[in-house]
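**Q** One structure is given below, represented as structure tokens, and several questions about it will come after.
The values are calculated or read from the model by the stated rules, or taken from the named source; none is laboratory data. In this text, all values refer to a predicted model and were calculated from it rather than measured experimentally. No Cβ is skipped: glycine too gets one built from the backbone with ideal geometry, and neighbour counts run over all protein chains shown. Only protein heavy atoms, including side chains, enter the accessible area calculation; ligands, DNA and RNA are left aside. Shrake-Rupley method; radii C 1.70, N 1.55, O 1.52, S 1.80 Å.
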Amino acid sequence: QVQLVESGGGSVQAGESLRLSCAVSGYSTRDNCLAWFRQAPGKQRERVTVLTWLGDSIYADSVKGRFTISKDNAKNTLFLQMNSLKPEDTGMYYCAAGASGSQCTGVFRFWGQGTQVTVSS
């Protein structure tokens, strides 16, 4: 049984940083697509960043230069380092795994329950 559990969310002021973690069980973080999504209040879910099979990272324009995706395969854990946070970064953040395609554009099969990030101005 595959399980993804996010942690590290919280409330911060604009300009501060947070690091989110996603502990994965029943599935390997090696040679796979891993991603972070978010859903802001009143908006649809969007892809924040994805880490491909070969270790390439792709970011949404809104977070480039501020967010970094990484993983620790030995610990089967995915991370999202978020710096210079803005109020518009507020939302529920979800980790996901198991998409297909060279750029991981397929449907993600496995999802976490989410962790809340709130950024105040």
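**Q** Scanning for something out of contact with any Lys or Arg (no Cβ under 7 Å at 6 or more places or on another chain), aliphatic (A, V, I, L, M) and closer than 22 Å to Gly106 by Cα, does the stretch 25-35 turn up at least one residue?
**A** So far as the stretch 25-35 goes, no, none of its residues is out of contact with any Lys or Arg (no Cβ under 7 Å at 6 or more places or on another chain), aliphatic (A, V, I, L, M) and closer than 22 Å to Gly106 by Cα.
**Q** What tally of residues in the stretch 5-27 results from selecting those that are surrounded by fewer than 16 Cβ atoms within 10 Å (Cβ to Cβ) and more than 15 Å from Gly112 (Cα to Cα)?
**A** Total meeting the criteria: 8.
**Q** Could I ask something else about it? From the list Arg47, Arg30, which one is part of a loop (DSSP other than H, G, I, E, B) and open to solvent by 20 Å² or more (accessible area, probe 1.4 Å)? Spell out the reasoning first.
**A** Values: Arg47 fails: part of a loop (DSSP other than H, G, I, E, B).
It is Arg30.
**Q** Another question about this same structure. Counting just the residues of the stretch 84-104 that are within 15 Å of the chain's Cα centre (by Cα) and farther than 16 Å from Thr118 by Cβ, which one comes out surrounded by the fewest Cβ atoms within 10 Å (Cβ to Cβ)?
**A** Within the stretch 84-104, the match that is surrounded by the fewest Cβ atoms within 10 Å (Cβ to Cβ) is Gly98.
**Q** I've got another one for you. What's the number of the only condition in (1) in a loop (DSSP other than H, G, I, E, B); (2) loosely packed, with under 14 Cβ neighbours inside 10 Å that Val63 fails to meet?
**A** Against the list (1) in a loop (DSSP other than H, G, I, E, B); (2) loosely packed, with under 14 Cβ neighbours inside 10 Å, Val63 comes up short only on (2).
**Q** Could I ask something else about it? Checking the structure you have, find out if any residue of the stretch 58-71 is of a type in the set (D, E, K, R) and in contact (Cβ under 8 Å) with a residue 40 or more places away in the chain.
**A** yes
Residue by residue, here is whether (1) within 15 Å of Glu16 (Cα to Cα); (2) touching a Pro at 6+ places or on another chain (Cβ under 9 Å); (3) of a type in the set (A, V, I, L, M, F, W, C) holds:
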{"residue": "Ser70", "(1), (2), (3)": "no, no, no"}
{"residue": "Glu88", "(1), (2), (3)": "yes, no, no"}
{"residue": "Gly98", "(1), (2), (3)": "no, no, no"}
{"residue": "Gln113", "(1), (2), (3)": "no, no, no"}
{"residue": "Gln116", "(1), (2), (3)": "no, no, no"}
{"residue": "Ser120", "(1), (2), (3)": "yes, yes, no"}
